[in-house]
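Colleague: To start, I am sharing the structure in question, which I have written as structure tokens.
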Amino acid sequence: MSAYEGFWINRDQPAITGCVLTLSSLKSGFLLTFLALFVNATGQAFWRILCFILHQLRSTPGPHDGVYIQQQVILRNADLPLSAVWDLVIVMFSWRGRARRLYSRSMALVTIATVNLAVWKAAGIFSAKLAMSSDADILLQSPRCGLHAIKIDQARPDRQLIIKPIRLARDYAQQCYEDVPSAESICRTFVSKSLPWKSSPNASCPFARNLCIGGESAAFEMDTGMLDSHVHLGLNAPPKDRIFYRKNATCAPLDLTNYTEILNGSYPDHKTINFYLQDPSIRTPTVSYNISLYGTGDYYLTTVGPPSPLAIPGTNFTTPRTWTLRDALRRDDAVVSFLFLFQNSVYYPSAVDDPFFSAHFASQISPNITYYQWDHPITVLGCIEQHQICNPQSSPSNPNPSSNSTQEKGCTPLNSPDLIPSALTTQSTLLSLSKKQHYTAILTQSFASTISIPNTIYALGSSALRAQETLSSDLGNIALPSTQWHIESAHLFNITLAAFQYAFVDYVSPPAPFSPEDKVPPVPGDLYDLTCGIQKVRSSGEFVSFRAVGLVVVFGVGGLVIAVNFVLDDVVGYVRGWYGGRVQRYKRAMWAVDGKLQLLRLAYEGKRNGGVWEGVGDAVPVTGWGEVFDVEELSGDVDVDGDVHVHRDVDDGGGSRDGGGGGGGGGAQDQYLLGSWGETRRGV
């Protein structure tokens, strides 16, 4: 299964918030790593901006003590908040007993640096949250998008093209439609874990009322209501391009005694049972079974129904069904099918009252053990299936999901899927489908035509029965309830719904391999664009999706912060140079002088042969060509206790001179590191 990699809009949300970036797991790993590094770089840039603001707010002309001066130097030169915290704490402990309000002045800066550090470290961690959960929606993409090609001259659809998908659907239905707790990972395939539906156990008999065992209101009806093509089927589209789809099925055990012929076989325990379900003018049996009254201990389930239509993209999508039933069984508005169950030598520990599995014939296996066997060699369950397509945009109110009416405004009649294409044409004015809606409706109809209860039995046989799971050897492990046929009907309905979900996925990304005869034909260009690039599924971990709006915010804000950090000093300095007064020029000068390279310049200028420096107001001061220094001369300021005394002399113009140990006219000398209690120096 391959997914589209790039930006796309998940129509679950508006265009801006629904924009998603999908990448492979490998590429997403690189992106997450880069995100973490980028957020870290943004945090460093923000810290430098914060340091600039704090430094400038604190820079005021007048006398200041050594703590203030060292804190200003730290703010000017600390590239990382962690190093700033460490330096500020060291300064605070070094000046104990030597400065006023030492702890309050220091802890304010330590707190700011610590909070900034914590916030940006947390931001780096939470940047991974821009990646959605591992089972987030992805958009399928495949160059083999299309329907399976089935030979027109085949009496039945190719077996392999039906069996495998139906078996997958059966397994999925058993685990995901019945909420098996251990199957959560398997159930994260489709955008909707299961298609919802409701049942009615007292529905009207779908055939002639005298045929339904239990009476006129003893049928079991299953109805999905209106399924949204986007929400339930995963066809990614805005509301104006969506359709509603509805499936209804009704089943009932039938008494077909009047249409049944039982003949003796070649052996006493063999019987031939013929069913005449078609028009009386047709004298050949619709279906005939040769059975042994002492068969194997297993269920045998078969079906008979109309030939499945052929689905071919780019055509009318269907071939006519030839199926002429007698009037009592005929339904022109539905797909009719019959399920025939032969229970062979299956025995039950107690009598079974279920009409489809009816077993009251007692067998005394031993004096204390009695088992029960079937009442009728073959029982029949009749089902009808109907479908409906609606345009949610063509009605003032959306169609009622629980309505059983056969026709509503903006909807095709609840009908056989064969009749939907003609209904889409004849009711085009009432439906008012857009081109995208029309293609979606045609695609939906093609799947509805091929996915049915008879095709399910054709592919699975008796393994489609939940009762099959109760068998142990030739004895039923448990007695079946009187509503077992409800359970079987619901299970078959679930399988068809799960197969319906698989059909949309397989259309975009057909399972492989296929034989040459099963080649997927290309679909027309406009149909491909409208139906092949819109199927959503849940990611299985091979792909990761990111919220594009989150990426834009992170890179946009982060890029802005980094850019501001690069130009803030120059822009503020330029503005102050033109419009600032004496205090503003002082702030600008102090930012330059407190830089580590300017402090180095000041250290050398206080010595003999300190050099002639230029750019004393710039970030990087320089000397003349080829000028060298005696680095060891600086060691003369280190006393036996390890304290280093570096003198700093700033005048109004930003220049400097040797300050010695005391004050001097036109300037002030500020001693770094430790001074006496309460000692201050003027900065101007």
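Every number here is computed from the coordinates shown, using simple stated rules; none is lab data. These numbers were taken from a predicted model, which means no experiment stands behind them. Quick reminder, even Gly has a Cβ in these numbers, built from the backbone with ideal geometry, and neighbours come from all protein chains shown.
Colleague: Using a Förster radius of 60 Å, what is the FRET efficiency between Met107 and Asp171 based on their Cβ-Cβ separation? Nearest 0.05, please.
Modeller: 0.40
Colleague: State the Cα centre-to-centre distance between region 323-358 and region 68-146 in whole Å.
Modeller: The two parts, judged by their Cα centres, are 73 Å apart.
Colleague: Could you sort out which of Lys164/Lys271; Lys164/Lys536; Lys247/Lys436; Lys193/Lys409; Lys129/Lys596; Lys164/Lys193 sit more than 28 Å apart by Cα distance in this structure?
Modeller: Lys164/Lys271; Lys193/Lys409; Lys129/Lys596
Colleague: For region 555-614, how big is Rg over Rh, using alpha carbon atoms and the Kirkwood form of Rh?
Modeller: Result: Rg/Rh = 1.14.
Colleague: Now a separate question. Which net charge results for the neighbourhood of Ala359, defined as the other residues with beta-carbon distances under 11 angstrom from its beta-carbon, given Lys and Arg at +1 and Asp and Glu at -1?
Modeller: Combined, the nearby Lys, Arg, Asp and Glu give -3.
Colleague: Using R₀ = 35 Å, calculate the FRET efficiency as 1/(1 + (r/R₀)^6) where r is the Cβ-Cβ separation of Thr33 and Thr623; round to 0.05.
Modeller: The computed FRET efficiency comes out at 0.25.
Colleague: Still on this structure: If we count every other residue with Cβ under 10 angstrom of Cys176's Cβ, Lys/Arg +1 and Asp/Glu -1, where does the sum land?
Modeller: Local charge sum for Cys176: -2.
Colleague: Could you pull the Cα extents of region 1-130 along its three principal axes, largest to smallest, in whole Å?
Modeller: 72, 26, 20
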